[in-house]
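Trainee: Please read through the structure below; I'll follow up with questions.
Each value in this text was obtained by applying a stated rule to the coordinates, not by laboratory testing. For clarity, every value in this text was computed on a predicted model and none was experimentally measured. As a convention, Cβ positions derive from the backbone with ideal geometry for all residues, glycine included, and neighbour counts pool all protein chains shown.
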Amino acid sequence: MKNILLVGVGGFIGAVFRYKISGLLLHHTMNWKFPVGTFLVNCCGCLMTGILMALAVKQDFFSPGTRLLLFTSILGGFTTFSAFGLETVYLLQRHEIFWAGLYRHSCALDRHVECSIVPNNVLDSYFSPSIHLAKKQKSENS
């Protein structure tokens, strides 16, 4: 039950931050064809995820509950693939092929930057605690 509450509260926090930041950016970029709000929110979220994930794995910085709160709920609620998809479809419906392509490829580039921040085998270590624990015990025994 505790994990469900962590995910719910964190998802609420992340979604509210996304809503407020995207709304603020939309207000200032209303005439732009490019969906700046969602793009910047996703870039910031991915950058934060990469940095925090590196700390989580390399330094064993966060407890499992804190990881759940940060990655699954707050950052999961903050970044959004569904808004990216919806805005891409809107651009295509308005025959803004260039902007839809640019948006699609710039978001893919953003993911590559995130992956370059995260050290090798982070996902294995993060998603498989037994691997992480074995590596930690091995380094302590050395």
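Trainee: If you rank MET53, MET48, MET1 by fewest surrounding Cβ atoms within 10 Å, what's the result?
Mentor: On the way: MET53 24, MET48 18, MET1 5.
Neighbour counts put them in this order, fewest first: MET1, MET48, MET53.
Trainee: Which of the three applies to the range 1-64, rounded, prolate or oblate, going by the alpha-carbon gyration tensor with a ≥ b ≥ c and a/c under 1.5 meaning rounded?
Mentor: Numbers: a/c = 4.54, a/b = 1.71, b/c = 2.66.
Oblate shape, in that a/c is at least 1.5 and b/c is the bigger or equal ratio.
Trainee: Ordered by residue, what ³J(HN,Hα) values in Hz, to whole numbers, does the range 9-16 give under the Karplus form 6.51 cos²θ - 1.76 cosθ + 1.60, where θ = phi - 60° and Gly and Pro are x?
Mentor: 5, x, x, 4, 4, x, 5, 5
Trainee: Got a sec? How would SER106, SER22 order by Cβ neighbour count within 10 Å, fewest to most? Walk me through the numbers on the way to the answer.
Mentor: Numbers: SER106 13, SER22 20.
Final ranking by Cβ density, sparse to dense: SER106, SER22.
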